[in-house]
Every structure is written in structure tokens, then in C-alpha cells.
Amino acid sequence: MVRVPEHERLVLDNGAVLILLPRREVPLLACQVLLRGGSVADPPAPPGAASLVAALLEKGAAERDAYAFAEAVEGAGGSFGAVAGPEAIALRSQFLSRDQDLMLELLADTLRAPRLEEREFEHLRERQIEFIKAVKDSEPADLIDAYGRAMLFAGHPYARPVHGSESSLAQVTHAHVRHYYRAHFGADRLILVLAGDLDVHQAEDAVRGAFASWPRSVARPPLGPPAGLAGRRVLLVDAPGAAQTHFWIGAAGVDRKYPRRAALDLVNTLFGGRFTSLLNAELRIKSGLSYGARSSFVRGSVAGEFAIRSFVETASTARAIRLALQALERLHREGVSAEMLSSARAYTLGQYALGLETAADWAAALAEIEFFGLGTGYIDDYPTRLAEVDPQLARAVICEAFPTPDQMTFVVIGDAARLAGQLAEFGDVVPMRLTDPDFMPGAAGDEALP
């Protein structure tokens, strides 16, 4: 039985949240930090500012320049990394427990006194632009979520690419980065979880000493729910000469607090979450059109997307999309049986336990439930909730959370000359080029395909 271990939760006077979880099996200390904000807080900066700030956190703080900071981490055999997400900047660190003071010193310096040097900023920005170009050349499917969200959530902060686009990154200035830091870093945004071989009282004193005097940030505007698109639209991203087509079929889904999470997980496992899923059976096992197809929900503080992803030979694109939509229609029409749910339940429980084994796993899990206000029952009660799912509850979740085929937005990356005629049946086709510097047509004055 997976249950949240005993831990302490403290809220400092300045709003910072501290969670301490002692686990003394190994002499390691893991730290997970979430700083509320992320890419949805980028404005008025162009998309990508939050991502660049996160990257710069590893490039020197206080008295240490980038080299000295890296040397301090590596010299202790530790790890330290930061990344931006849609709603938070996350830092993850792990050190030997004997180096707790060093880890907290580096963390406090990083959050309260990052150098944010202009030279490092210029280097990171150019590297990120070149990385996006390289991904377009080698693995464009890795960017398909960015295209999908830009299309589906147009006008909502979730549409903004977390790591920016070629165009938006070129517009981000050093002043934007410094403004983002001043506006969105402060004690009231901080969730800090320490898990591992620690003395709770010593750790609390050390964290209070490091962060009790940190001021609050400016107030954050609330994040409203995305509307999503009404009806069908197809974004066709032209990759001339491509032998394969990558496609993404999405719609607005549910948020992190969706009350029927266990049933949602089981139904999605059956529909597109494992090798023997309905979706994979249609596109791979029965038809041989693809090496794999999957579905997933992205659930934030407001509803993210439900999406289906796969890839096929160009000539089979329309057939594969049709089969995916037919599988979704069948899910709505037939639901799932008790036998299917029993199989998915065993699979889900096995996977669930594997994700909560180490101190670092627990640090991340406790940071997540604090961030979204989920409570420890989100973990403790999950096996019981899984056991309660029957075909009737599963059908209710299908109706509530899974879109019907007529609600979908499509993104197709492939050879437009061979695809345009195939895609008209799925909705109005909006064209753009893979080489365009944004993830939506017209965002930077792009012209329509001839």
C-alpha cells in the first residue's frame, strides 16, 4: 500500500511553504522547489522568458559565477537543475546529506541572488533558437504539442510555448529576463520540499535562516479556464519531402482537481495509455499503419488538453486519423467492461508504486500536491478509488472528460503537397511551413502556402 510518509509542513510569515520528509535509508538529501509562475506569467515578455530565467539559475548566483557554481555542485557529487513549466519554475537538487548546508546555500543564492548575466543570457537564447531549428530538422514530432496547444488554446496563456519559438526568443531581451525575475520571484511563490536523510529541526532552522527575510512578490492574476476551439480545424505544417506524417488530435480536457481521477486514469489506460490499448490496437496491431499510438491528458490548475498522437506513412494519413476517431467514437458508444477495468487496474497500480520509491520521488510528489492544493488523500486514497471504478463510473467519465470526434483540433506535420487533399474531410485546413519561426500561422507575418 502506497501512503504518504510522515512529514512536517510549515508556512513562514512571508508565505513560503516548507515541507520536511525524513527518510534515512540512504545518506542522500533530495530537494524539490516549485516557484509559482512559469510560462503563463511571461507577459509582457515574449514567450520563452521564463524558460531562459530557469536556465540562467544554473549559471551563477551571489559570489559564484557560472564556473564556480558548477564546480561547487560537481565537487560535492551533487546535482542541481532548473526548468520552466507552464505554471511554475521547478528546481531539483540532490546531495549527500552531509552537504546539506552547501545545498541550501546554493539554493538560497540561486533564488534570491541569481546573477542573470547578460553574456550567459545571450548564449542561452541563441542556443535555444538553434535547438528548435535542429529539432525541426531531425525530430519535428517533439514539437507537435507546441503546435497543438497554440492552435487549440489560441488567446489563452496555455497557448504560449513554454520554451519559446524562434521568433519569440529573438524578441526576448535581457531586460525582459530581469523584469520576469523581479516580478515573479518571491517568498509567497515558493514551495520547498526536503526529503531524505535529514534532521527536521536543523533543516527547519536552516531554511528559516535562508528564506524568512525574503520579500513577497507582486500579486499574480488568476488563470482562467481555456475555451478551446469550437468545431474542427486542421493545422497542416508543411515538411516537404517527409516520408512520414506525425499527427496530434486534441481537445480541452479536465484540470488537476478533477474528482474522478482514478476512473480517468483507468479509462485512458484502456483507450490509449498502454501497448494493448484500443487506440494502439487499431493503428498498430490490426492495421499495421503505425509503430505506436497513444493518448494522454495534461491537467493543470485549469483544464489542459486531451490529445492523441501517432505517426504513419504519408499515403496512410487520412486512414490512420479516421481509425483514431473511430476508436474514440467506439469508446463513447460501447464504454469499457468490468474485465477491461480489472486489467487496467492491475497495470496502473503496478506503475504507480514504481513512481514513489525514492526520496526524490516523494519530494516531487509532495511539491505537486501542495502546488495544486490536492491534499495527501490524492496519494493515500488512490488505490481505494481505483478499486471503486466500475463500468458505470467509467462511462460517466467518458462522457465528462473524453471529447467526441466532432470536437477535435488536428495538427499534421508532413508533406503538404501529398496531404492537403487527404485532410479536407477533417475540417478547414490552415497551412504553415515547418520553417516558419512560430507555432501558429500569421504570428510573424507568415504567408499562406501556395
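Annotations for the structure displayed:
- Per-bin percent of Cα-Cα distances, region 8-211 [10 Å]: 9, 33, 33, 20, 6, 0
- Value of Rg to Rh for region 343-393 (Rh from inverse mean 1/r over Cα pairs, i.e. Kirkwood): 1.02
- Inter-label distance for Ala62 and Val26, nm, one decimal - labels placed 7 Å from Cα along Cα-to-Cβ: 2.8 nm
- CD proxy at 222 nm, helix term only [per DSSP H run n ≥ 4: -39500 (n - 2.57); per residue of the chain; nearest 500]: -12000 deg cm²/dmol
- The chain: angle of helix 66-75 to the longest principal axis, Cα-based, in degrees nearest 10: 80 degrees
- Cβ-based charge dipole, region 8-211, positive-most Cα from Gly155, Gln94, Phe80: Gly155
- Between region 326-399 and region 115-193, the Cα center-to-center distance that results, in Å: 31 Å
- Subtracting the Cα-Cα distance of Ala396 and Ala315 from their residue separation scaled by 0.36 nm leaves 25.5 nm.
- Taking other C-beta atoms within 10 angstrom as a stand-in for reagent exposure, Arg182, Arg319 fall in the order Arg182, Arg319, fewest first.
- Whole-number Å³ per residue for the convex hull built on Cα positions in region 57-144: 124 Å³
- For region 233-433, the equivalent ellipsoid derived from the alpha-carbon gyration tensor has semi-axes of 33, 19, 16 Å in decreasing order.
- In the frame of its principal axes, the chain has Cα extents of 64, 52, 37 Å, reported largest first.
- Given charges at beta-carbon only (K, R positive; D, E negative), |dipole| of the chain in Debye: 1100 debye
- Separation in nanometres of the label points that stand 7 Å from Cα toward Cβ, at Arg3 and Glu74: 4.4 nm
- Amide hydrogen neighbours beyond the local backbone of Phe402, cut-off 5 Å, H modeled: none
- Evaluated with a Cβ-only charge set (Lys, Arg +1; Asp, Glu -1), region 268-321 carries a dipole of roughly 120 debye about its Cα centre, given to the nearest 20.
- Peptide packing: for 407-414, 383-390, 248-255, the average count of neighbouring Cβ atoms within 10 Å per residue gives the ranking 407-414, 248-255, 383-390, highest mean first.
- Positive-end residue, region 66-193 charge dipole about Cα centroid, Cβ charges, pick of Phe121, Phe131, Tyr181: Tyr181
- Virtual paramagnetic centre 7 Å along Cα→Cβ of Arg119, amide N under 17 Å, in region 49-70: 56-70
- Rounded to the nearest 10 degrees, the inclination of helix 317-334 to the longest alpha-carbon principal axis of the chain is 80 degrees.
- Fewest-first ranking of Thr276, Thr358, Thr317, using other Cβ atoms within 10 Å as the exposure measure: Thr276, Thr358, Thr317
- Size of charge dipole - region 233-433 - debye, nearest 20, with Cβ of Lys, Arg +1 and Asp, Glu -1, no other charges: 440 debye
- Dipole of region 198-313 [Lys/Arg +1, Asp/Glu -1 at C-beta], most positive-end residue of Ala212, Ser296, Ala243: Ser296
All of the numbers you see were taken from the coordinates with simple rules; none came from a lab. Since the model is a prediction, treat every value here as computed from it, not as a measurement. Here Cβ is always computed from backbone atoms with ideal geometry, including for glycine, and neighbour counts include all displayed protein chains.
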